[in-house]
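Novice: Take this structure first; my questions come after.
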Amino acid sequence: VMIEEGLFEKFPVDGVYGMHNFPGLDIGKIAIRPGPAMAAFDIFEVIIKGVGTHAAMPQMGVDPVVVGAQIVGAFQTIASRTIDPLESVVVSVTQFHAGDTWNVIPGEAVLRGTARWFRPEVRDIIEPTIKRIADGICAAHGATMTMDYQRRYPSVINKDAECELAAVAAAEVVGAANIDMDPAAVMGSEDFAFMLEKTPGAFIW
């Protein structure tokens, strides 16, 4: 929201810095990673429309639970078979909602989840692939689907010069021996990425 309201037009800066605690990093250590540091973040929702029926007569309906289960499994091939294996990609289904009793096959199932990566070109592959997989599996079973895909956070991309400046300042606090300039990137996301899209800077753990 601050970026949308013209933060850096109202308050021009040469560089911007953020700092966040980081579980797993030893107390007294500071980690600064030049380049891609944290992943971009999108969310998706797939609504599967089947035909509800009694659980004892599955042939009378189209089971969206079975269809959804196959979609969840197939989504795992996006990272393993669709995207370059040298790219870091996560596609996770985190919600699966269907039915509300034991003896009825529901008419609808809802899948929700998140996709993460570092390079924008990868997003442009993930989004249509999620739709293609879900649509194809639904069609194979006589179900239909609708998808809502929302592009949320960009990647956190730190600039080299600002990382070096941050490291100098951090070393004055904790000592140069406690600065890690080569930590692994993480697939978590951070809205500081919006600031780094507009002005050079560094996000520090």
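The values are calculated or read from the model by the stated rules, or taken from the named source; none is laboratory data. Given the structure is predicted, the values throughout are model-derived calculations rather than measurements. Using ideal geometry, Cβ is built from the backbone for each residue, glycine included, and neighbour counts are taken over all protein chains shown. Keep in mind that these areas ignore ligands, DNA and RNA; they rest on the heavy atoms of the full protein, side chains included. Shrake-Rupley method; radii C 1.70, N 1.55, O 1.52, S 1.80 Å.
Novice: Comparing ALA193, ALA143, ALA56, which has the greatest mean-square fluctuation in the GNM of the chain with Cα pairs linked when under 10 Å apart?
Specialist: Fluctuation is largest for ALA56.
Novice: Just need the relative contact order of the range 1-111 here, percent rounded to a whole number, with Cα pairs under 8 Å and 6+ apart.
Specialist: Relative CO of the range 1-111 lands at 30 percent.
Novice: In terms of modelled amide H atoms, which long-range or inter-chain residues lie less than 5 Å from the amide H of MET19?
Specialist: ILE204
Novice: Whose amide H sits under 5 Å from the amide H of ASP180, counting only residues 5 or more places off or on another chain, with H placed in the peptide plane?
Specialist: ILE30, ALA31, ILE32
Novice: Here's another thing I want to ask about it. Can you work out ³J(HN,Hα) from phi for every residue in the range 26-36, in order, using Karplus 6.51 cos²θ - 1.76 cosθ + 1.60 and θ = phi - 60°, giving whole Hz and x for Gly and Pro?
Specialist: Going residue by residue, I get 4, 4, x, 9, 10, 10, 9, 10, x, x, x Hz, with x marking Gly and Pro.
Novice: Under 5 Å between amide hydrogens, which residues at least 5 positions from SER155 or on another chain qualify, with H placed 1.01 Å from N in the peptide plane?
Specialist: ALA40
Novice: In a shell of Cβ-Cβ distance under 15 Å around PHE96, excluding PHE96 itself, what net charge do Lys and Arg (+1) and Asp and Glu (-1) give?
Specialist: With Lys, Arg at +1 and Asp, Glu at -1, the net is -3.
Novice: Using Rg/Rh (Cα atoms, Kirkwood Rh) as the read-out, say which of (i) 1.13; (ii) 0.99; (iii) 1.01 was calculated from these coordinates.
Specialist: (i)
Novice: Let me ask something else. Tabulate in residue order the Karplus-calculated ³J(HN,Hα) for the range 5-20, using 6.51 cos²θ - 1.76 cosθ + 1.60 with θ = phi - 60°, rounded to whole Hz; enter x for Gly and Pro.
Specialist: After applying 6.51 cos²θ - 1.76 cosθ + 1.60, I find 8, x, 3, 7, 6, 6, 10, x, 9, 7, x, 10, 9, x, 9, 9 Hz.
Novice: Counting only heavy atoms of protein chains, what accessible area per residue, in Å², does the chain have with a probe of 1.4 Å?
Specialist: It amounts to 56 Å² per residue over the chain.
Novice: From Cα pairs below 8 angstrom and at least 6 apart in sequence, can you work out the relative contact order of the chain, rounded to a whole percent?
Specialist: 39
Novice: Going by average Cβ neighbours within 10 Å, how do the peptides 78-85, 110-117, 2-9 rank, with the highest at the top? The partial results should precede the final answer.
Specialist: Details: 78-85: 14.0, 110-117: 20.8, 2-9: 11.2.
Taking the mean over residues of other Cβ atoms within 10 Å, the ranking is 110-117, 78-85, 2-9.
Novice: Using the Karplus equation 6.51 cos²θ - 1.76 cosθ + 1.60 (θ = phi - 60°), what ³J(HN,Hα) coupling, rounded to whole Hz, does each residue of the range 84-101 give in order, writing x for Gly and Pro?
Specialist: Karplus-based 3J(HN,Hα) across the range 84-101 equals 3, x, 7, 8, 8, 9, 10, 10, 10, 8, 10, 9, 9, 10, 6, x, 8, 8 Hz.
Novice: Give, as a single signed number, the net charge of other residues whose beta carbon lies under 15 Å from the beta carbon of PRO154, with Lys and Arg counted +1 and Asp and Glu -1. Write out the running numbers ahead of the final one.
Specialist: Details: positive: ARG116, ARG119, ARG123, ARG151, ARG152, LYS159, LYS198; negative: GLU4, ASP42, GLU121, ASP124, GLU127, GLU190, ASP191, GLU197.
Taking every other residue near PRO154 into account, the sum is -1.
Novice: Students often forget the sequence filter, so: which lysines lie under 24 Å Cα-Cα from LYS29 once same-chain residues fewer than 8 apart are removed?
Specialist: Here the lysines satisfying the reach criterion relative to LYS29 are LYS159.
Novice: How many percent of DSSP beta bridges within the chain run antiparallel, rounded to 5?
Specialist: 85
Novice: Going by Cα centres, the range 77-126 and the range 1-61 are how many Å apart?
Specialist: Going from one Cα centre to the other spans 14 Å.
Novice: Moving on to the next point. Charges only on Cβ, +1 for Lys and Arg, -1 for Asp and Glu: so what's the dipole of the chain about the Cα centre, in debye to the nearest 20?
Specialist: Here the chain has a charge dipole of around 580 debye.
Novice: Return the carbon/sulfur percentage of the accessible area of the range 1-152, one whole number, probe 1.4 Å, all protein chains in place.
Specialist: On the way: 5040 of 8790 Å².
Using a 1.4 Å probe with all protein chains present, the range 1-152 comes out at 57 percent carbon and sulfur.
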